[in-house]
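The values are calculated or read from the model by the stated rules, or taken from the named source; none is laboratory data. Since the structure is predicted, the reported quantities are computational estimates derived from the model, not experimental observations. Neighbour counts run over all protein chains shown; Cβ positions are idealised from the backbone, glycine included. When the accessible area is computed, the model is the full protein with side chains, heavy atoms only, and any ligands, DNA or RNA have been set aside. Shrake-Rupley method; radii C 1.70, N 1.55, O 1.52, S 1.80 Å.
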Amino acid sequence: MPAIDKTIATPYATIRIRETSGRGLPLLMIHGAGTSKDVFAKQINTALGEMYRIIAVDLPGHGESSNAVDPATYSFGGFAKVLSVVLDELSVNKAAVYGWSLGGHVGIELLATDPRVAGLMITGAPPVNRGPIGLLRGFQMHRDMLLASKDHFTDEDIARFLRLCFRESEIPASFAQTARRTDGHARTGVFKASMMGLDSDQKRVVERSPVPVAVIDGQYEPVARLSYVGNLAYRNLWSGKVHVIPDAGHAPFWEKPDHFNVMLHRFMGDMAARNRQRPHSPSNGASG
């Protein structure tokens with residue numbers, strides 16, 4: 001059965017999601033800045049979607065979701081609040097979370113604030129301390145990184161952004177349209193909130209996580225410093241190591257889906273088994 005698109009009303013924005021028919025442990029997939037749920041097509045339209053209940057969202061100001069009612073929603077913590085409401089509306093009481101780039105940081109914030117997170121996998125999202133010093137330690141600083149703070153994208157900006165995210169892989173024309181549609185206030189809002197240290201200390205959250213955290217990056221990751229990510233003091237690092245996918249950049253799930261999907265399948269199998277072994281009290285009386 002093909003995935004189904006749905007609309008969920010929240011106090012923050014009207015959210016569009018894509019949900020598969022799988023009956024296994026829910027997997028919430030969170031896209032990066034300037035993109036949408038469409039970037040996960042190579043996971044949704046596979047056996048993963050048939051086995052697990054994949055829930056891919058468009059964050060406020062992105063894709064088919066509306067812009068945020070209040071621009072203050074545009075922060076890691078604000079996005080995480082939206083996703084908690086989405087999980088409520090979908091009657092999910094436990095879910096694994098995959099977050100890419102911006103979505104990885106939102107996933108870390110969700111881990112810090114929502115006990116329904118059964119496990120977290122992140123890509124291109126270095127968990128950093130609050131404020132500018134933390135950002136400098138975890139992120140590579142180069143010209144293209146300035147795109148994260150731009151309100152308006154020109155056609156040249158969009159081309160640079162897509163090359164940064166997807167390298168030389170085949171990029172659908174719709175991805176450029178999605179980048180153009182993105183609310184510029186989402187970029188500036190997230191950037192300002194990060195610089196001001198308004199969200200959680202994400203390094204501390206990940207290092208002290210009570211649930212497994214998987215870190216999967218591409219060999220040529222252009223945003224996160226791999227040396228930084230590989231040397232954090234993880235308390236609960238899935239499989240005991242940070243995984244690096246050869247010949248992949250910022251979006252290994254798109255560039256190297258066969259390699260990436262094998263690891264995601266393993267991760268989901270481990271999280272599902274762990275969830276079965278650890279009874280939990282539903283937070284809203286519903287079943288996931």
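For L25, enumerate residues with amide H under 5 Å from its amide H, sequence gap 5+ or separate chain, H modeled in the peptide plane.
Hits under the 5 Å cutoff: R53.
Please compute the modelled spin-label separation between T113 and R204, points set 7 Å along Cα→Cβ, answer in nm with one decimal.
Inter-label distance under the simple model: 1.6 nm.
Would you mind classifying region 1-127 by shape? Square roots of the alpha carbon gyration tensor eigenvalues, ordered a ≥ b ≥ c; an a/c under 1.5 is rounded, otherwise it is prolate if a/b is larger than b/c and oblate if not.
In terms of gyration-tensor shape, rounded.
Relative to the present Cα-Cα distance, how much length would full extension add between M195 and D70 at 0.36 nm per residue of separation?
Gain on stretching M195 to D70: 43.1 nm.
In what sequence, largest accessible area first, do E156, E168 appear using a 1.4 Å probe?
E168, E156
From the backbone phi of region 22-31, what are the Karplus-calculated ³J(HN,Hα) couplings (6.51 cos²θ - 1.76 cosθ + 1.60, θ = phi - 60°) in whole Hz, Gly and Pro given as x?
x, 9, x, 3, x, 10, 8, 10, 10, 6
Any idea what the relative contact order of the chain is, in percent, if you count C-alpha pairs under 8 Å spaced at least 6 apart?
Answer for the chain is 20 percent.
How high is the FRET efficiency between L146 and M1 when r is their beta carbon distance and R₀ equals 41 Å, given to the nearest 0.05?
Calculated value: 0.40.
Ignoring ligands, DNA and RNA, what percent of the accessible area of the chain is carbon or sulfur (1.4 Å)?
Heavy-atom surface of the chain belonging to carbon and sulfur, 1.4 Å probe: 53 percent.
May I ask you to order 115-128, 181-194, 212-225 by the average number of other C-beta atoms within 10 Å around their residues, highest value first?
Highest-to-lowest ranking by the protection proxy: 115-128, 212-225, 181-194.
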